[in-house]
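Asks: First the structure, which I've put down as structure tokens, then a few questions once you've had a look.
Read-outs throughout are calculated quantities, based only on the coordinates presented, and are distinct from any laboratory measurement. What you see is a predicted model; the values in this text were computed from it and never measured. Ideal geometry is used to build each Cβ from the backbone, glycine not excepted, and the neighbour counts take in all protein chains shown.
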Amino acid sequence: MDVVIGADGGGTKTACAIAQMDGNIIGLGYAGPSNHLRLPGSHAQAAETVLEGVQAAFSDAGIAVIRARQAYLALGGVDVDRPNEKMAEAARQVLDAEEIATDNDAAAGLAAATGELYGVVIIAGTGSIAMAVDGEGRRRRSGGWGYRIGDEGSGQWIGRLGLEAAAKAHDGRGKPTSLADRVLDHFGIETVDGLRSVLYKQPVNNRDIADFCMQVMASAREGDEVALDIVNRAGRELALAVWSAADGLGMASAEFPVVRQGSVFKAGDVIARPFEEELGRLAPAATVVSAAFPPVVGAVMLALMRAGVEIDGAVRENLARSWEEVEARHERLS
């Protein structure tokens, strides 16, 4: 059996899928974070995480691990515009595949929506990054600088600003906000002062901050002024990243598709509205398109293309049908 491997990983989790050469996805597996920049074991730990996800995918398919024709690993922390040989070498040490390609996770998100690498993808999950690809295949990144100096509009950025607002409200240094009450329920503490013991324990867990993003979104939907300001800022920052990436390739005034990916956008209109309003002002010819598949399927598509498979109508139909079946199987087992 000839198969390819597609992996999509970031700061929170890694999804891996196994597919046959006709686009039939036969297995799906999950593992932990695989952004090497956020892992103490760097590239080697990220590769081991991918291996764990791949093994889970083969187990889900009900077959033993076999050599893959192609593995396409779309991982957070990998450069957009140049190969990451250290990541590729670490992957070659643990994965059994004829060829292994490493790329930024933005590539998988773009392919999942457009079926090719053209346009701009904006990812807002634990971190955030925009990647533009023009008709000649040139790439340009905007954002993706990590939580210490960037990642504006990401789950961690929104969560951090939400927690900061709650702390200021508690001290009397900021406007009153329902986020102060949400902190208590979310972390199971009796007073906002308890945040110190939650946020500064060792080892630090990125999810402690990023997960609070959804609480900020919930307060914004209820009309909380402070939360709305944070979410509106996030939407504008994400749109600015799209424009900046496109402008770097001379695409900003042209027509191009924009793909939104990541858990932040799952909040719906509360983040989509400010994002689209600012995007319309900066790049009025851009069109927001919905992804037909999640990024892990985009990684499978890129693996198939590198293996010489044309993503035609029949392959896309197989991808769509088999993904629904695999996803439904996982939902039944969860």
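Asks: Which length gain, in nm to one decimal place, applies between residue 148 and residue 229 when the Cα-Cα distance is subtracted from 0.36 nm times their residue separation?
Replies: Values: separation 81, 0.36 × 81 = 29.16 nm, distance 2.12 nm.
Value of the extension gain: 27.0 nm.
Asks: Right, something else. Can you tell me the 0 to 90 degree angle between the C-alpha axis of helix 42-61 and the longest principal axis of the chain, rounded to 10?
Replies: 60 degrees
Asks: Distance between the C-alpha centers of the range 1-73 and the range 90-120? Whole Å please.
Replies: Measuring centre to centre over Cα atoms gives 11 Å.
Asks: Going by alpha carbons, how many degrees (0 to 90, nearest 10) lie between the helix axis of 269-282 and the longest principal axis of the chain?
Replies: That helix lies at roughly 80 degrees to the long axis.
Asks: Over all pairs of distinct alpha carbons, what does the Kirkwood formula give as the hydrodynamic radius of the range 155-289, in Å?
Replies: Values: mean 1/r = 0.0628 Å⁻¹.
Computed over Cα pairs of the range 155-289, the Kirkwood hydrodynamic radius comes out at 15.9 Å.
Asks: Can you spot the lysines whose alpha carbon is less than 28 Å from residue 86's alpha carbon? Ignore those fewer than 8 places along the same chain.
Replies: Qualifying lysines at Cα under 28 Å: 13.
Asks: Pop a pseudo-label 7 angstrom from the Cα along the beta-carbon direction at both residue 332 and residue 79 and give the gap in nm to one decimal.
Replies: With each label point 7 Å from Cα toward Cβ, the separation is 4.6 nm.
Asks: If you don't mind, another one. Please list the non-local residues whose amide H lies under 5 Å from the amide H of residue 286, H modeled 1.01 Å from N, same-chain partners needing a gap of 5 or more.
Replies: HN-HN under 5 Å from residue 286: 256.
Asks: Karplus couplings for the range 296-313 from phi (6.51 cos²θ - 1.76 cosθ + 1.60, θ = phi - 60°), rounded to Hz, Gly and Pro as x?
Replies: Ordered by residue, 3J(HN,Hα) equals 4, 6, x, 5, 4, 4, 5, 5, 4, 4, 5, 8, x, 8, 7, 7, 8, x Hz.
Asks: Using θ = phi - 60° and the Karplus curve 6.51 cos²θ - 1.76 cosθ + 1.60, what whole-Hz ³J(HN,Hα) does each residue of the range 256-262 get, with Gly and Pro shown as x?
Replies: 7, x, 10, 10, 9, 9, x
Asks: Across 5 Å bins from 0, what is the distribution of all Cα-Cα pair distances for the range 248-324, in whole percents?
Replies: 3, 12, 18, 18, 16, 16, 13, 5, 0
Asks: Oh, and also: Can you tell me the convex hull volume per residue for the chain, based on C-alpha atoms, in Å³ to the nearest whole number? Numbers along the way, then the final one.
Replies: Working: hull volume 44.9 nm³, N = 334.
Given the Cα convex hull of the chain, per-residue volume reads 134 Å³.
Asks: Tabulate in residue order the Karplus-calculated ³J(HN,Hα) for the range 23-32, using 6.51 cos²θ - 1.76 cosθ + 1.60 with θ = phi - 60°, rounded to whole Hz; enter x for Gly and Pro.
Replies: Each residue of the range 23-32 in turn: x, 7, 7, 10, x, 9, x, 10, 8, x Hz.
Asks: Given points 7 Å out from each Cα along the Cα-Cβ axis, report the residue 317 to residue 191 separation in nanometres with one decimal.
Replies: Calculated label separation equals 6.6 nm.
Asks: A further question on this structure: Let me know the longest stretch in the chain that avoids all GluC sites (Glu not before Pro) found in a DSSP loop with at most 15 other C-beta atoms within 10 Å. Before the final figure, lay out the partial values.
Replies: Details: sites that count: 116, 136, 190, 222, 255, 310.
With GluC sites (Glu not before Pro) excluded where exposed in loops, the chain gives 1-115 as its longest stretch.
Asks: Specify the angular offset, from 0 to 90 degrees and rounded to the nearest 10, of the alpha carbon long axis of helix 225-247 from the longest principal axis of the alpha carbons in the chain.
Replies: Taking the Cα atoms of the chain, the angle to 225-247 is about 40 degrees.
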